[in-house]
Amino acid sequence: MNQIPTSEYVHSSCLPGLELMLQHGLLSLDRPYTAASEQSMWNEQGKLGLIPDTLTTSTFAVAESKVDEAAPMPSLVSSWNAQAKQAVQFDQDGYVTFLDLGGRRLHRGYPCSIPDTIGTFSRLATLNVAGTDLPLPHILEILRQPNLPQTLECLYLGGNGLGDEGIAAIATEFLSRSQKLIKLDLRYNDIQAKGMTVLCHELSPTALKHLYLEGNRVGNQGAAALANLLEEQSSCDDDMGLRQVFLGANRIESEGANCLAQSLYKNKKLSKLYLEGNNIGLEGANAFSTVLEELKGNTSLKNLYVDNNNIGKEGSKRLANALNSDTAIGESII
């Protein structure tokens, strides 16, 4: 049998879940690769419930050459098309590490047992269910799978209309237990100050580095909650704490901007802050300028994005100087 690239292996523990998703149209695959020496083996394995290889969406063929300590069970190999490779990715042992279901409208619930399926992906590091319109109870059922707090590094939940109730439930049930999450996407979820406050409470301390919140309505109170979190994280370990926060179009005004600016006195971890499309005005811009001028480069902030904030020419000029003059800050976009 010809050697098949390691990246093409699918560990047998992941096979039932992939097959189930395929049957319900959540994944798309090419015909399987089956060498002549494998064809009889494929036929013998028909009782596993695999889709017959006569269909254009048929899936997996069996291979015996990938058996080692990391994957002691007989492994499986598939022929993935470009679309499938974007939707599912594997590690060198054939375990699913990346699953993208984003944009699939599942507002009536999932057509198959997605939570149990995800629970079999014991090394899943990236999960995208953004824009699926999954009801909150179904999202929570997914996040309750016992493997996810130990493995998940990137979670995309944008565009699901979670609201304050939803984000509070997710924060208390999952984020408080998460050990490895470094990227969280909550864009366009109707999150207001109440939900933002609960979220920030559960994120201290945290390994989370990137927080995406564009298109919500956290307002000044939500910005104040984030500022408190940033101050609290100033005392956590070096590898903990937020590095990039995206708060575009969140109805933040000068009061909220001032809270965020004041947090920079203590926080030496945040490198990028996105505030475009709010209304911090000249007063909010001057709050940042004053703090940055007083810090004289003693800050981790490298980029501050404040497009479309009614700052005015003079305010923008002062802020640009405060960001770049006498500091080690690199490119800044105003």
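The values are calculated or read from the model by the stated rules, or taken from the named source; none is laboratory data. Treat the numbers as computed from the prediction; the structure is a model and nothing was measured. Virtual Cβ from ideal backbone geometry, glycine too; neighbours counted across all protein chains shown.
For segment 111-124, which residues satisfy the criterion of being surrounded by 21 or more Cβ atoms within 10 Å (Cβ to Cβ) and either within 13 Å of Asn147 (Cβ to Cβ) or among the hydroxyl-bearing types (Ser, Thr, Tyr) (or both)?
Passing the criteria: Thr117, Ile118, Phe121, Leu124.
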Find the residue count for segment 251-264, including only residues that are more than 19 Å from Thr299 (Cα to Cα) and crowded, with 24+ Cβ neighbours inside 10 Å. 2
In segment 126-162, what residues are more than 15 Å from the chain's Cα centre (by Cα) and in a strand (DSSP E or B)? none
Select from segment 234-250 the residues that are closer than 20 Å to Cys154 by Cα and in contact with a Leu (Cβ under 9 Å, 6 or more places away or on another chain) and list them in ascending order. Met240, Gly241, Leu242, Arg243, Gln244, Val245, Phe246, Leu247
Can you list the helices (runs of 4 or more DSSP H) found entirely within segment 222-334 that contain at least 3 residues being more than 15 Å from Leu211 (Cα to Cα), in contact with a strand residue (DSSP E or B) (Cβ under 8 Å, 6 or more places away or on another chain) and not polar (S, T, N, Q)? 281-295
Matching residues in segment 97-144 - criterion: being modelled with pLDDT of 90 or more, touching a Gly at 6+ places or on another chain (Cβ under 6 Å) and farther than 14 Å from Leu181 by Cβ: Gly102, Thr120, Ala130, Gly131, Leu136, His138
